[in-house]
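Take a look at the structure set out below.
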Amino acid sequence: MRYWLIVWLFALSSIASGSLRAGEAQPLAADELTEKRLVAISSELRCLVCQNESLAGSHAELANDLRREIRSLIQDGRSDAEIMEFMVSRYGDFVRYRPPLKATTLLLWFGPGLLFVVGLSALVLYLRRRNRAIVDPPLTADQRAQAEALLQDQDSDQKLS
């Protein structure tokens, strides 16, 4: 009983102290327009650490650094296209969620579809070959005679029953 009282008091004190320390989140930039542009640009970019998250949604340290870099470029007066070009020149087309269609990004655009078609074709070929291999060969004359004899023996056993 005493143990549970200590656990309960500890939990209550940690909840109370957590709520006392919590404050209102400070805006990352003084200008709301800058933040909106930052979110719009960073949502079009891929986090280089996570690779499945946008730069806007990632909590990786590199993502924080890149958002700070984008924020400083916005404050320097660069356009969205210039900022995007800066990021692509630094990290390549992979950093964009929708890379431009060009010779170096053809695999990014058409690779998944090509892989699907190749896999489906391989499956169809495998199934056709398997079906051809399953075909039963015709019975020889000896095998046919043995089958007839077994069937006649079975018929005579059923008549006796």
Inset, instruction - Please work out if residue 142 is charged (D, E, K, R), under 30 Å from residue 41 (Cβ atoms) and modelled with pLDDT of 85 or more. - result: no
Inset, instruction - Out of the residues in the range 87-110 that are within 18 Å of the chain's Cα centre (by Cα) and part of a helix (DSSP H, G or I), state the one that is nearest to residue 53 (Cα to Cα). - result: 95
Inset, instruction - Check the range 130-140 and report whether any residue there is within 36 Å of the chain's Cα centre (by Cα) and not β-branched (Val, Ile, Thr). - result: yes
Legend entry - Neighbours by Cβ (under 9 Å, 6+ apart or cross-chain): first from the range 37-59, surrounded by 15 or more Cβ atoms within 10 Å (Cβ to Cβ); second among the charged types (D, E, K, R) and assigned to a loop (DSSP other than H, G, I, E, B): 44/98; 46/53; 47/53; 54/44; 55/44; 56/44
Inset, instruction - For residue 97, indicate whether it is within 30 Å of residue 41 (Cα to Cα), of a type in the set (Phe, Trp, Tyr), surrounded by 11 or more Cβ atoms within 10 Å (Cβ to Cβ) and in contact with an Asp or Glu (Cβ under 9 Å, 6 or more places away or on another chain). - result: yes
Inset, instruction - Would you be able to tell me the number of residues in the range 111-152 that are in a loop (DSSP other than H, G, I, E, B) and among the β-branched types (Val, Ile, Thr)? - result: 2
Inset, instruction - Look at residue 83 and say whether it is β-branched (Val, Ile, Thr) and loosely packed, with under 11 Cβ neighbours inside 10 Å. - result: no
Inset, instruction - All but one of (1) in contact with a helix residue (DSSP H, G or I) (Cβ under 8 Å, 6 or more places away or on another chain); (2) assigned by TED's automatic domain parsing to the domain that holds residue 42 hold for residue 62, so report the exception by its number. - result: (1)
Legend entry - Residue within the range 104-120 that is at pLDDT below 90, touching a helix residue (DSSP H, G or I) at 6+ places or on another chain (Cβ under 9 Å) and closer than 30 Å to residue 36 by Cβ present: yes
Inset, instruction - Go through the residues of the range 62-71 one by one and say whether even a single one is over 21 Å from the mean Cα position of the chain (by Cα), of a type in the set (A, V, I, L, M, F, W, C) and within 21 Å of residue 50 (Cβ to Cβ). - result: yes
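The values are calculated or read from the model by the stated rules, or taken from the named source; none is laboratory data. This one's a predicted model, so the numbers in the text were calculated from it and none came from an experiment. Every residue, glycine among them, receives a Cβ derived from its backbone with ideal geometry; neighbour counts consider all protein chains shown.
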